[in-house]
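Asker: I have a structure here, written as structure tokens, and I will follow up with some questions on it.
The values are calculated or read from the model by the stated rules, or taken from the named source; none is laboratory data. Keep in mind that what you see is a predicted model, and the values were worked out from it rather than measured. Cβ placement follows ideal geometry from the backbone for every residue including glycine, while neighbour counts extend to all protein chains displayed.
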Amino acid sequence: MEIPLNLCTGELTSRPNRFIFEGIVNEKIQRWHCPVTGKIGLIDNFRGIPCLFTPAVPDGKRTTQGTVEAISLNHGKDWIGINQNRINGWVELLLKKNALPNMINTEGCSLRHEVKIDDSRIDLAVENGEKCTFLELKTPMRDLLLSPGDHFTRPPSSTYFDRGLRHFQTLARLAQMGHRCIVAMCFMYDAVPFSSPQRDKWNSKIIDTIGEATAQGVENWKLNLKISPNSLTVSSCTRNKIVQTELAVSP
């Protein structure tokens, strides 16, 4: 399945603060919204990096002229989607079209989003009669998995850490109740397989929590999406057979 897009091309010149990009389009300076408030990979200098952006509607209410959707680190050959706010809507659309059948067959099912369970909110619930599949999506930007051997590092704050652990604990309880539960790592580029970090004082709780959740039936999946100026398509959707200790620390 292809999701149509209509993105414009520009070139970044700077990131003055965590909410703003500055760039050039047709030799004119523009300011765009940066949808990632934290660090994007190991990039400190954005000058000269090509980007795709959605132009803002000229209604006079916005202080920026659009939102950056993707960047390229190889001169526009491949694009890295960075707008984490898009993922839930895109995956929901793919599921409605039954475009991820190897992960969830949604034929004859209904979907709910932002489902409140205990003190957690699970991104999507796919319902088929009494059967329900809960799906939590994670889209990390702090670490870009572009080369073999990369793995996720410590999150910028404990907020992501605590929230991620709650998601796994909630999903583990739901799995014990007979529901199917999935955590999907979503990448808007062709992310390579990654390795789990070594146990240390920081990630021991993460390893134990995810190990327990996996033992209770929580599934770990990896979804790679390909973004271009004109479309979004699915590159791969595979189940990870190893315990993904990184899942709990990603926003």
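Asker: Return yes or no: is PHE134 in contact (Cβ under 8 Å) with a residue 12 or more places away in the chain, assigned to a strand (DSSP E or B) and not assigned by TED's automatic domain parsing to the domain that holds LEU223?
Answerer: Taking the combined requirement at face value, the residue does not satisfy it.
Asker: Here is a further query. For region 57-90, name all the residues that are aliphatic (A, V, I, L, M) and in contact with a His (Cβ under 8 Å, 6 or more places away or on another chain).
Answerer: Within region 57-90, VAL68 is the sole residue that qualifies.
Asker: Let me ask another. For the list (1) buried (at least 17 other Cβ atoms within 10 Å of the Cβ); (2) closer than 20 Å to MET141 by Cβ; (3) at pLDDT 90 or above; (4) not aromatic (Phe, Trp, Tyr), I need the number of the one condition that LEU171 fails.
Answerer: (2)
Asker: Would region 7-16 turn up any residue that is free of Cβ contacts under 8 Å to residues at least 60 places away in the same chain and in a loop (DSSP other than H, G, I, E, B)?
Answerer: no
Asker: Hey, another quick one. Looking at region 176-191, which of its residues are crowded, with 21+ Cβ neighbours inside 10 Å and outside any strand (DSSP E or B)?
Answerer: MET188, TYR189, ALA191, listed by residue number.
Asker: If you scan region 1-26, which residues turn out to be more than 20 Å from PRO58 (Cα to Cα) and either of a type outside the set (Gly, Ala, Ser) or in contact with a Cys (Cβ under 8 Å, 6 or more places away or on another chain) (or both)?
Answerer: Passing the criteria: MET1, GLU2, ILE3, PRO4, GLU11, LEU12, THR13, ARG15, PRO16, ASN17, ARG18.
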